[in-house]
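> Structure provided below as structure tokens; questions to follow.
The values are calculated or read from the model by the stated rules, or taken from the named source; none is laboratory data. As the structure is a computational prediction, the values presented were derived from the model and not from experiment. Here Cβ is always computed from backbone atoms with ideal geometry, including for glycine, and neighbour counts include all displayed protein chains. Accessible surface is based on the protein model in full, side chains and every heavy atom, while ligands, DNA and RNA are left aside. Shrake-Rupley method; radii C 1.70, N 1.55, O 1.52, S 1.80 Å.
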Amino acid sequence: MPDSGLVAALKKSEMFSSLDSEMLQKIALLARWRSFAAREMIFSEGEPCGGFYLLVEGAVKVYKLSGDGKEHVLHLVWPRETFAEAALFLGDTYPAYAETVRASRAVLFPSEPFLALLRAEPDVAIRLMGGMALWLRRLVGQVEVLALRGAASRLAGYLLGLQEGSAAVLPAPKAVVAAHLGMTPETLSRLFFRMEAQGVINVRGRTITILDASELRRIADGESDV
């Protein structure tokens, strides 16, 4: 019998949300729990693909290194999201680095057993394609936000998305969040300073208290600036 906790994690994920109970149990039998400490490397660019992952707890950054060793964050992975699927389906090496931002727990789907299941169960493959299409649509939306909105608008929208009650807690260090939003850490700090000066937010470490949600929404919509 598959691990019930693992099946529950699959049900909550975006990629596997369209699968029925029987399909989920078949996949769960192949999967393996993996735990990582904060700032632990999960895989490196050029490493043979051993499978893809579903993040259950924590946060993971996927990044590449420039020729001078500068880190460029491509994507931040949050719980319920999968990563490294492209390497799996292309039968290739990992195209980037993946490192935990904080202590994390993930599910590994080993390459060969998972691909063998898809060959034997076409219905599972078709359902998974639907889940991946939804993820791609969301990713395209993120790219549009980065391309069309100014830095202040992107930051305001991001904080509103994190908001719970009157606060938003950054899920990663500010430098990582800045890279995720397509700006430098200096720009992020400058925007936080200006928003604080205008009485829109209050910043204490990673906890951002939202003092004026309506103004923050106007900034996010491009109707106001800082």
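> Chymotrypsin sites (Phe, Trp or Tyr not before Pro), restricted to the range 1-81: which are DSSP loop and have at most 15 other Cβ atoms within 10 Å? Walk me through the numbers before you get to the answer.
Values: sites: F16, W33, F36, F43, F52, Y53, Y63; in loops: F16.
Of the chymotrypsin sites (Phe, Trp or Tyr not before Pro), not one in the loops of the range 1-81 has a Cβ with at most 15 other Cβ atoms within 10 Å.
> Still on this model: Expressed as an acute angle from 0 to 90° and rounded to the nearest 10, what is the orientation of the C-alpha long axis of helix 151-162 relative to the principal long axis of the chain?
60 degrees
> Angle between the Cα long axis of helix 111-120 and the longest principal axis of the chain, 0 to 90 degrees, nearest 10?
With both axes taken from Cα atoms, the answer is about 70 degrees.
> If you don't mind, another one. Accessible area per residue of the range 54-99 at 1.4 Å probe, in Å²? Intermediate values should be presented prior to the final figure.
On the way: 2080 Å² over 46 residues.
I get 45 Å² per residue for the range 54-99.
> Sticking with this one: Name the lysines eligible as straight-distance cross-link partners of K12: C-alpha to C-alpha under 20 Å, and not fewer than 8 places from it in the same chain.
Cross-link targets: K26.
> Could you pull out which residues in the range 75-115 have an amide N less than 20 Å from a spot 7 Å beyond the Cα of K12, following the Cα-Cβ vector?
Of the residues in the range 75-115, 76-84, 100-109 have backbone N under 20 Å from the label point off K12.
> Continuing with this model, one more query. Test of understanding: what is the full-extension gain from F89 to D3, defined as 0.36 nm times their sequence separation minus their Cα-Cα distance?
Numbers: separation 86, 0.36 × 86 = 30.96 nm, distance 2.53 nm.
Difference between extended and current length: 28.4 nm.
> Between 0 and 90 degrees, rounded to the nearest ten: what's the tilt of helix 185-197 against the longest Cα principal axis of the chain?
50 degrees
> Please list, or write none, the lysines whose alpha carbon is within less than 21 Å of the alpha carbon of K174, excluding same-chain residues fewer than 8 places away.
Partners found: K61, K64, K70.
> I'd like the carbon and sulfur percentage of the solvent accessible area for the range 60-132, probe radius 1.4 Å, heavy atoms only, ligands and nucleic acids excluded.
On the way: 2040 of 3520 Å².
The value for the range 60-132 is 58 percent carbon and sulfur by accessible area.
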